[in-house]
Amino acid sequence: MVSCINGILKNLTVGIAGIGGLGSNAAVSLARMGIGRLVLADFDVVDESNLNRQYYMIRHLGMKKAQAIQQVIGDINPQVDVESHDVYVDSHNAPEIFKDADIIIEAFDVASCKAEFVNSILQNTGKKLIAASGLAGLGTANSIVTRKVSERLYIVGDGVSGLSEGEKLLASRVAIAANHQANLAVRLLIGEDI
Amino acid sequence: MVVNGKEIGAKGNISVKQLLEEMCIDDSIVVVEADCEIVPREKYEVWMLDEASRVEIVSFVGGG
């Protein structure tokens, strides 16, 4: 199965909403696995505080994430067609931005933004969506799981470890969750399920 | 009424908004599915649930 993944993935598109800790790591894994196209969206700028978990370098400080991620992916796999939007994603523009995506990954930071995005995509498109909730702190890696909530919605995380609990976001668990998302995206694209 | 796989013995007809309030869940951080349909956020007050409803509430925490 693995040998023929590239032939399938090169013709497919994954959309990622938010390219911070979750989104940048998921995008890099998908690029390494040979996804054909990525549609990415984030309004933010790379900040020093991002370097503890996000896939950016010191040379990207002050740069728009939408631009920085193009460099990062271009340095890894220039064959990936990266369409990155420097825009604040909300419930109104989300369906249009990700209209070409075969699978969508929710990778925002703020809980209400996550919920708004997931509601919008599920209501306004017929696409499958992989969201994340509960990946802060330094709890056991084994608590981060992928769960199928409904026919089109999957959630990665432990469901409880959030920022409001005073936890910090740390590289290991963020990357684990991001790679759960990337792994499931590829599995769904090749016709497998959770 | 079954919420997130558990029978909660709801008293009768209540709206999605009332259910969220009873469970002390902030409606700005949730996705609600009732009987396999996503409930639009603007309909939480008028979308009624009964004893037979099967409800899935996904409540997000921050971090990404």
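Here, each number is a calculation from the coordinates, and none is a lab measurement. Note that the structure is predicted; figures quoted are calculated from it, not measured. We place every Cβ from the backbone using ideal geometry, glycine too, and count neighbours over all the protein chains shown.
The figures follow:
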item	result
Averaged over A:107-113, number of beta-carbon atoms from partner chains that fall within 10 Å	5
Other-chain or far-sequence residues with amide H under 5 Å of A:I105's (modelled H)	A:G15, A:I16, A:A17, A:I130
Per-residue Cβ neighbour rank within 10 angstrom, fewest leading, A:H85, A:H60	A:H85, A:H60
Average projected area [Cα convex hull, segment B:2-59], square nanometres	3.4
Trypsin sites (Lys or Arg not before Pro) restricted to DSSP loop in segment A:139-173 with at most 11 other C-beta within 10 Å	A:K168
Footprinting exposure proxy for B:E42, B:E21 (fewest neighbouring C-beta atoms within 10 Å first)	B:E42, B:E21
Peptide A:116-122 - average C-beta neighbours from other chains (10 Å radius)	4
Bridge type composition, the protein assembly as shown - antiparallel percent by DSSP, nearest 5	40
Peptide B:21-28 - average C-beta neighbours from other chains (10 Å radius)	1
For A:Y55, B:Y44, order by how many other beta-carbon atoms lie within 10 Å, fewest first	B:Y44, A:Y55
Prolate/oblate/rounded call for chain A, Cα gyration tensor, a/c under 1.5 rounded	rounded
FRET efficiency for A:C4 and A:E96, using Cβ-Cβ distance with R0 set to 30 Å, rounded to 0.05	0.35
Ranked by how many other beta carbons lie within 10 Å on average, peptides A:72-78, A:156-162 from highest	A:156-162, A:72-78
In segment A:91-194, the GluC sites (Glu not before Pro) that fall in loop regions by DSSP, at most 13 other Cβ within 10 Å	A:E151, A:E192
